[in-house]
């Protein structure tokens, strides 16, 4: 039988001085709570205020599934490639990459996949399916393009970060909000913007994972 002096024995796998989960696990767990809640909120508010599903746009794009997949994935790859190019030539893009590495580096492949799926699905259903459609429904007669404008600005505000190296990130997110919103309206549903968003996040997080391995970013 163990005595009281054995309760803090580190051989049991628990360090009482550092009981926290690894940072990467906390990030994924937070995402697994926050993004499904965003999607659920979008469904609830859409059916309550708009009497419609947040999965479709106000108009019908009429495009076939292959076109939607191609446009979504194609835009995502284009943006990812452009980001890599700008990172090579612009110092503030390099500083942003380092900041993201400090925050998100060290994720494993499964964690990257989970983060990319959760963020793209949750954010697109909420911002495009609810905010964009809702703003267009209520404000479109007063302000042309109200849905795109309002949803993109709110999307940018969500990406404000305390790290000064990420000062431009909300502005870039606003620009991407317009791109995702255009895809939503053009294709008629959230599939293409989700695929574009997923492609950008997945490849960006995988690149961060390669550059900033788990050993470099593990909590100390």
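Would you mind finding the one in 55, 75, 50 that is at pLDDT 95 or above, surrounded by 16 or more Cβ atoms within 10 Å (Cβ to Cβ) and touching a strand residue (DSSP E or B) at 6+ places or on another chain (Cβ under 6 Å)?
Testing whether each residue is at pLDDT 95 or above, surrounded by 16 or more Cβ atoms within 10 Å (Cβ to Cβ) and touching a strand residue (DSSP E or B) at 6+ places or on another chain (Cβ under 6 Å) leaves just 55.
Considering only segment 146-159, state which residues are surrounded by fewer than 17 Cβ atoms within 10 Å (Cβ to Cβ) and either under 19 Å from residue 80 (Cβ atoms) or at pLDDT below 95 (or both).
158, 159
When residue 212 is evaluated against the numbered criteria (1) over 24 Å from residue 24 (Cβ atoms); (2) over 17 Å from the mean Cα position of the chain (by Cα), which criterion, by number, is the only one it fails?
Result: residue 212 passes all but (1).
Criterion first (assigned to a helix (DSSP H, G or I) and touching a residue at least 60 places away in the same chain (Cβ under 8 Å)) does residue 35 satisfy it?
The answer is yes for residue 35.
The values are calculated or read from the model by the stated rules, or taken from the named source; none is laboratory data. In this text the structure is predicted, and so the values were computed from the model without any measurement. As a convention, Cβ positions derive from the backbone with ideal geometry for all residues, glycine included, and neighbour counts pool all protein chains shown.
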